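Accompanying notes for the structure given below.
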Amino acid sequence: MRQVPNAMPIATDASFLKRIPKAELHCHLDGSLRPATLAEFAREQGVPLPDHDPEAVRAYMRVDNAHNLEEYLLRFEVTLAVLQTSEALERAAYELAEDASKDGVHYLEVRFAPLLNVRNGLTLGAAIEAPLRGLQRAQRDHGIVSRVIVCALRTLAPDVSMQMARLAAEYRAHGVVGFDLAGPERGHPAADHEGAFQHAIAHGLACTCHAGEGWGPDSVKQAVHDCGAKRLGHATRLIEDAALTEDVGRRGVALEICLTSNLQTHAAESYAAHPLRRYFDLGLAVVLNTDNRLMSDVTLVDEYKHAAAHLDFTPEELCRIALNGFEHAFLEPNEKAALITRAKSAIAELGVTLS
């Protein structure tokens, strides 16, 4: 681990980290409810919880004992149970954006699988329109720009993924900017869903893909080579294949890094052992994200602090990571340029000079 004299106290200071203008590109709506809101929804909807005290809910929903990605994902059944109405989805999206804005996030991409929110009769259209309303309201109230990524699921048939790609394309002019494939990787290859990615790309959507978290480098290879992903969710195990790592860097594919959840799923054994530092030093475009604020009990400021404390990231390097987020946002060029300009000005105001 390299030493960075005098950098650590500044880089781990919460007030400094909050002031860094950030873009978060990997954040799940159904993994990011406020504990108090989950408790309230559960009471109102008759969804069982061990305890309805918000702090007890926070502790219960934090995944401390998962052995792998599949076990980590089981906790989502709790939040999905209460996110089956337009009102709940709109409020959850609004509160997520509000909380992100308090973290210094200027731009947020929220992802979820609308197919999982129609169990009680909600239409797919209503399931996607409600979060969009919440995010639009948060932008008016808090100034945070937010967009939606529609997720398909690896465990479902390719024709279902195509349905999600078509839904995403239908709402492209209304705040949906991307398409993603999520869920357990092992035994569920991304290549099976290539047609859905092709449809999304043909209709002007950018694509990301969960890969290299619950399965090895071949998962990443499929996401990039077969599915055309421009960003990779997690990509923790990409580092195991040097040639593929070089290829991903050469293609300019960005890595959506989620430190804490990677420890919880055992994709990484510790913060210090996470490949984020190596990816950054190799010149790959890395971006820090929370993944699931509730299940990981984490804020984006926390993730920046972990990068500084355990992986020796300097203030300048953290600001570079933050700027990567804006540069790899799934936005129209003029919108992206405006956010980048604003971010650079805010970074300059911090007294940080980027090379």
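For region 8-349, what is the number of Lys pairs with C-alpha distance below 30 angstrom, counting only pairs 8 or more positions apart or on separate chains?
Taking region 8-349 as the scope, the lysine pair count is 23.
Give me the extension gain from Val118 to Ala243: residue separation times 0.36 nm, minus the current Cα-Cα distance, reported in nm with one decimal.
Values: separation 125, 0.36 × 125 = 45.00 nm, distance 4.22 nm.
Difference between extended and current length: 40.8 nm.
Nearest 0.05, what FRET efficiency do Ala36 and Ser270 give at R0 = 41 Å with Cβ-Cβ as r? Each step should come with its number before you reach the end.
Values: r = 31 Å, r/R0 = 0.75.
Efficiency, from the Cβ-Cβ distance: 0.85.
Which of the DSSP-defined H helices in the chain satisfy a minimum axial length of 20 Å, computed from C-alpha atoms, and a minimum mean Kyte-Doolittle hydropathy of 0.5? Could the numbers behind the result be given before it?
Numbers: long enough: 86-102 (24 Å, -0.72); 124-142 (27 Å, -0.53); 333-349 (24 Å, -0.24).
The answer is none, since no helix passes both cut-offs.
Please compute the modelled spin-label separation between Glu170 and Leu354, points set 7 Å along Cα→Cβ, answer in nm with one decimal.
3.8 nm
Is it possible to state the helix-based mean residue ellipticity at 222 nm for the chain, with each DSSP H run of 4+ residues giving -39500 (n - 2.57), the sum divided by total residues, to the nearest 500 deg cm²/dmol? What is it?
-14000 deg cm²/dmol, from helical runs alone.
Looking at the chain as a GNM with Cα springs under 10 Å, which of Gly178, Gly121, Gly104 has the largest mean-square fluctuation?
Gly121
Please find the FRET efficiency linking Asp141 to Ile10, where r is the Cβ-Cβ separation and R0 is fixed at 30 Å, and quote it to the nearest 0.05. Walk me through the numbers before you get to the answer.
Working: r = 31 Å, r/R0 = 1.04.
E(calc), rounded to 0.05, equals 0.45.
To the nearest 20 debye, what charge dipole does the chain have about its Cα centre, counting +1 at the Cβ of each Lys and Arg and -1 at the Cβ of each Asp and Glu?
Rounded to the nearest 20 debye, it is 740 debye.
Among Asp51, Asp64, Asp159, which one shows the biggest mean-square fluctuation in a GNM of the chain, springs joining Cα atoms closer than 10 Å?
Maximum fluctuation in the GNM of the chain, among the listed residues, is at Asp51.
So what is the relative contact order for region 207-332, in percent, with contacts set as C-alpha pairs under 8 Å and at least six apart?
Relative contact order here is 20 percent.
FYI, it's all coordinate maths here, none of it is from the lab. This one's a predicted model, so the numbers in the text were calculated from it and none came from an experiment. Using ideal geometry, Cβ is built from the backbone for each residue, glycine included, and neighbour counts are taken over all protein chains shown.
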